[in-house]
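Right, one structure below, let's go through it.
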């Protein structure tokens, strides 16, 4: 619990800076409005105005929180959790693409890593491509993936999931290759003295040895997956999902909407990564590792 | 001790090709180890003692000469599970409990569950680790970990035990204790033991035969049959016989320019 105080301090500092920045960035609008109405704003009125505009340059924290609540908790209370104005609905759209993409990316990443570790040709050929794939801006390739898949008759969830898999497979490949290669020469020789098959080498040594590496990669991969799913919604004119929410927000100058979608995405990412962290702790504890 | 030959090397060569040219790890090595002997290999780093042990275990392939283990090639002996190997580092798998680590070879060799349990119980007792089966390796001291790794090598009843500086990383007090236990174990199980060490007292205390090796190229410079009795309390190390053998080992090392 020692960590609570520093965390709260940082949060408090951010909120203070944020409110200050909101005053600073929104005051022009407030002053223009006041000038047009020919009234003089006191400092107090100015501050109050900058914190309550409907389309501020930078919405104040409480505005974002209220919007977040109105589009999540309040919708649930109204029984409209899955309406188009609900962030839960949009969050679910993005989440489903994220999870599918994460599953595809993790699966592909593990398979590639196994191939790379066991096959010299794959080792030489796949890794450079995997690295090259990550140097292409995802924003550039995302629309092409959507268009190509669309022409193949694939629409909806899958193209988004593939874009998110495209981002998430890489950390898994890198981590798993390192993990599968982590057993020491002695640990490998030990199995050799038992006259064992390659199967045992994998299941009894390489795979368990790679677990700590895998989980670290999964955390990075999960966050990358979410980013991929959101990015996949941006250039494709999607109307559902957190990415679409940010995009429509920017079309109509709904900064509060953009920020609340941003926060929803951040909360979602933190939750997903947190869940992996919990699974990691349980798994590694069961495997006797000190965490 | 019988007169049956257990391991026999004839004119054994092993040359590693490296970027800096060939390295003669072993050159013209001749040695016969009989069943039930406790053989120590002693010499400075680079004399090929570990390599020799690894050749016996089919972990390295000789480039010349012949070697047989129980009358077979080392590969065949490995298939027959002729030996247990103990490494310098305990090398326990950290994700397995002590019990799980000991079971590892048994799982691979297809022992039935009840047989596995029985074997684990037996060897845990043998190395004095009863009650520690459920612990994970990091919960044990270095000496206990090494004992667990010996238990693992004993679990499948190989009649040869190859040990590569198993106590090298342990402090002297623990080492003395483990040496005593190892002798006890050797007497009780009648195994043939190949033991690599850096320590002259350890080699003399444990062995019935001491193989002194020297480097560049790795070769045998002396083979000493120990006159010490099989029954060896720790204070045998203060007797004149013991000191005499130790002296001969030291001479052997010097003759092989091992101090260069």
Legend entry - Residue in region A:188-203 that is farthest from the other protein chains (Cβ to nearest Cβ), counting only those that are surrounded by 20 or more Cβ atoms within 10 Å (Cβ to Cβ) and assigned to a helix (DSSP H, G or I): A:191
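If you go through region A:77-88 one residue at a time, do you hit one that is assigned to a helix (DSSP H, G or I), touching a helix residue (DSSP H, G or I) at 6+ places or on another chain (Cβ under 9 Å) and surrounded by 14 or more Cβ atoms within 10 Å (Cβ to Cβ)?
Yes, the conditions are met somewhere in region A:77-88.
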Legend entry - Among (1) in a helix (DSSP H, G or I); (2) within 14 Å of chain B (Cβ to nearest Cβ), the one test that residue A:288 misses: (1)
Legend entry - Residue count, region A:27-64 (criterion: in a helix (DSSP H, G or I) and more than 13 Å from residue A:255 (Cα to Cα)): 20
Inset, instruction - Search region B:107-133 for residues being farther than 14 Å from residue B:151 by Cβ and within 23 Å of the chain's Cα centre (by Cα), and hand back the single one that is nearest to the other protein chains (Cβ to nearest Cβ). - result: B:108
Legend entry - Number of the condition not met by residue A:223 [criteria: (1) within 25 Å of residue A:106 (Cα to Cα); (2) touching a residue at least 60 places away in the same chain (Cβ under 8 Å); (3) more than 10 Å from every other protein chain (Cβ to nearest Cβ)]: (2)
Inset, instruction - Give the residues of region A:251-274 that are at pLDDT 85 or above and over 13 Å from the mean Cα position of the chain (by Cα), sorted by residue number. - result: A:251, A:252, A:254, A:255, A:256, A:257, A:258, A:259, A:260
Legend entry - Selection count, region A:271-291, where residues are more than 26 Å from residue B:134 (Cα to Cα) and in contact with a helix residue (DSSP H, G or I) (Cβ under 8 Å, 6 or more places away or on another chain): 3
Legend entry - Number of the condition not met by residue B:230 [criteria: (1) touching a residue at least 24 places away in the same chain (Cβ under 8 Å); (2) more than 13 Å from the chain's Cα centre (by Cα); (3) not in a loop (DSSP other than H, G, I, E, B)]: (3)
Inset, instruction - Inspect all residues belonging to region B:91-100 and state whether any of them is within 13 Å of chain A (Cβ to nearest Cβ), in contact with a helix residue (DSSP H, G or I) (Cβ under 7 Å, 6 or more places away or on another chain) and at positive phi. - result: yes
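What do you reckon, is residue A:216 within 13 Å of another protein chain (Cβ to nearest Cβ) and more than 16 Å from residue B:94 (Cβ to Cβ)? Break it down into steps so the answer makes sense when it comes.
Working: within 13 Å of another protein chain (Cβ to nearest Cβ): no; more than 16 Å from residue B:94 (Cβ to Cβ): yes.
So residue A:216 fails the test.
Residues that are more than 22 Å from residue A:243 (Cα to Cα) and either part of a helix (DSSP H, G or I) or not assigned by TED's automatic domain parsing to the domain that holds residue A:262 (or both): does region A:137-154 have at least one?
From region A:137-154, those more than 22 Å from residue A:243 (Cα to Cα) are A:151-153; that's our starting set.
Add one more test, that the residue is either part of a helix (DSSP H, G or I) or not assigned by TED's automatic domain parsing to the domain that holds residue A:262 (or both), and what stays is A:151.
Yes, region A:137-154 contains a residue that is more than 22 Å from residue A:243 (Cα to Cα) and either part of a helix (DSSP H, G or I) or not assigned by TED's automatic domain parsing to the domain that holds residue A:262 (or both).
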Inset, instruction - Would you check if residue B:162 is under 19 Å from residue B:31 (Cβ atoms) and not in a strand (DSSP E or B)? - result: no
Inset, instruction - Check region A:204-211 and report whether any residue there is in contact (Cβ under 8 Å) with a residue 12 or more places away in the chain, outside any helix (DSSP H, G or I) and either farther than 30 Å from residue B:155 by Cα or in the same structural domain as residue A:168 (by TED's automatic domain parsing) (or both). - result: no
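The values are calculated or read from the model by the stated rules, or taken from the named source; none is laboratory data. A quick note: this is a predicted structure, and the numbers were derived from the prediction, not measured. Backbone-built Cβ (ideal geometry, glycine too); neighbour counts: all protein chains shown.
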